[in-house]
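Let me begin by presenting the structure, written as structure tokens, before commenting on it.
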Amino acid sequence: MMQAAEALPALHAGQGAYGESRQCFENHLVSFIDSSEAHTMTHSELERELEKRGRELMRQLLQDHLDTRRPGETAGPVVDSDSEQRNNIRNHDRSIKTVFGTLTIERAGYGQEGKNSLHPLDAELNIPKELYSLELRKRVAREAAKSSFDDTLEHILEVTGVNIPKRQAEELAARAARDFDAFYDTRRIDGSREETPGSLLVLTVDGKGVVMLERDLRETTRKAAQQSRHKKKSRLSQGEKKNSKRMATVASVYTIEPHIRTPEDIALGTKEHARDGPKPPRPENKRIWASLKKEPEEVIEELFQEAFSRDPDQKKTWVALVDGNKTQIKQLRKQAKKRTTTCISSWIFTMSVSICGKLARPFILNQVQNRRLGLGNVFWKSFAVRPDTLQGGFAVALPCRN
């Protein structure tokens, strides 16, 4: 133990530290780029080859750095979670796949009979127990959220040179999502510490359909999917995505100052018109979260919990924004009635952009001017949406029934 601890500083001070990396740079990169072979290659070929060789240099640099930190012995005794001291020390090697390639780490293991060894260097480097590094896992999870696993693995291989089996990639993506709720909890905002709180507290909820495997659909949707027949075996044809999606509920809470405008301003609002007037207020302390697993009522209940944590005395004007989803409107009213005797800002706003474009604007303006849409000045003064986001759409205000 003492010999290993005394040999470690000599490695830092000696000429051998990062020697492999320097040799790799000279022999693997500089020698190549100055070779006759490189002078016959096109620019694209040089880019690809240098990228591959540069990746190897990065891998060697990281390997040399880890070598300088081995074996990671501690100055004092190692005590486990059961308060038992680990006295048996033995060096262990392990491999880890990174975004640059595979590395080997030698570290001191502190063991005891009948128990697994503890490796302080693993904790110092924050290395997971499994084969793949946290950065590589992050990239797999990020790509898997955007495309299929086949496309994800192809992309990872192209940009890192690391080959990951498909099943292991699926497991990595699942592990990345297991702390979802814990992550969202860290994003909560303490309303008492808001530095620039707006006078409006906005609660908004929406839904997003995600195409799922049949076994992962909600029970009602799965039964409907089992009774339907598809025209093609390989993929869904146009109009056949019904009963193939699971709805994720997306919620958000933020504060904002009122943006006072007339019905005409919103109905005929354009980007040019918005630039001429005062800048609209921006949302403050906005928090967004979503769940594919939880039912809409669970997410909306969390929405109200977040709102009450920010404004427990209901000093702000509360506004709820939805897009016409009857389930969401029902749950908003239910939570409002459950938690307070007064209605949230007297209105639940339903945004609809099904009528868009310049042809619809004369009709909308006419309806607004004649108050056929039932829009009052209170609604427009509290309405906190940029006019250029409406694009000629109309809004319907529904009274909140107590």
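Quick notes on this one:
- Leading residue by the ranking (surrounded by the fewest Cβ atoms within 10 Å (Cβ to Cβ)) among those in the range 1-37 that are modelled with pLDDT of 70 or more and of a type in the set (Gly, Ala, Ser): SER36
- The listed residue being exposed (fewer than 15 other Cβ atoms within 10 Å of the Cβ) and modelled with pLDDT under 95, out of PRO77, PRO71: PRO77
- Test: ASP179 is closer than 26 Å to PRO71 by Cα and among the charged types (D, E, K, R): no
- The one condition in (1) in contact with a strand residue (DSSP E or B) (Cβ under 8 Å, 6 or more places away or on another chain); (2) among the aliphatic types (A, V, I, L, M); (3) exposed (fewer than 15 other Cβ atoms within 10 Å of the Cβ); (4) farther than 26 Å from ALA176 by Cβ that LEU131 fails to fulfil: (4)
- Pair list, Cβ under 7 Å, 6 or more apart: the range 301-323 residue in contact (Cβ under 8 Å) with a residue 12 or more places away in the chain, other residue of a type in the set (D, E, K, R) and in a loop (DSSP other than H, G, I, E, B): GLU306/ARG188
- Within the range 38-52, the set of residues being surrounded by 11 or more Cβ atoms within 10 Å (Cβ to Cβ) and either among the acidic types (Asp, Glu) or over 18 Å from THR160 (Cα atoms) (or both) comprises ALA38, MET41, GLU45, GLU47, GLU49, GLU51.
- When residues of the range 80-110 are limited to those that are surrounded by 15 or more Cβ atoms within 10 Å (Cβ to Cβ) and basic (Lys, Arg), the one farthest from LEU157 (Cα to Cα): ARG86
- Helices (runs of 4 or more DSSP H) within the range 202-320 that include 3 or more residues modelled with pLDDT under 85: 219-227, 263-267, 271-276
- Options THR74, THR68; residue that is in contact with a helix residue (DSSP H, G or I) (Cβ under 8 Å, 6 or more places away or on another chain) and either over 30 Å from ARG139 (Cα atoms) or assigned to a loop (DSSP other than H, G, I, E, B) (or both): THR74
- Looking at GLU135, GLU195, just one residue is out of contact with any helix residue (DSSP H, G or I) (no Cβ under 9 Å at 6 or more places or on another chain) and at pLDDT below 90, and that residue is GLU195.
The values are calculated or read from the model by the stated rules, or taken from the named source; none is laboratory data. Just so it is clear, the model here is predicted, and its values are computed rather than measured. Cβ coordinates were reconstructed from backbone atoms using ideal geometry, including for glycine residues, and neighbour counts include every protein chain displayed.
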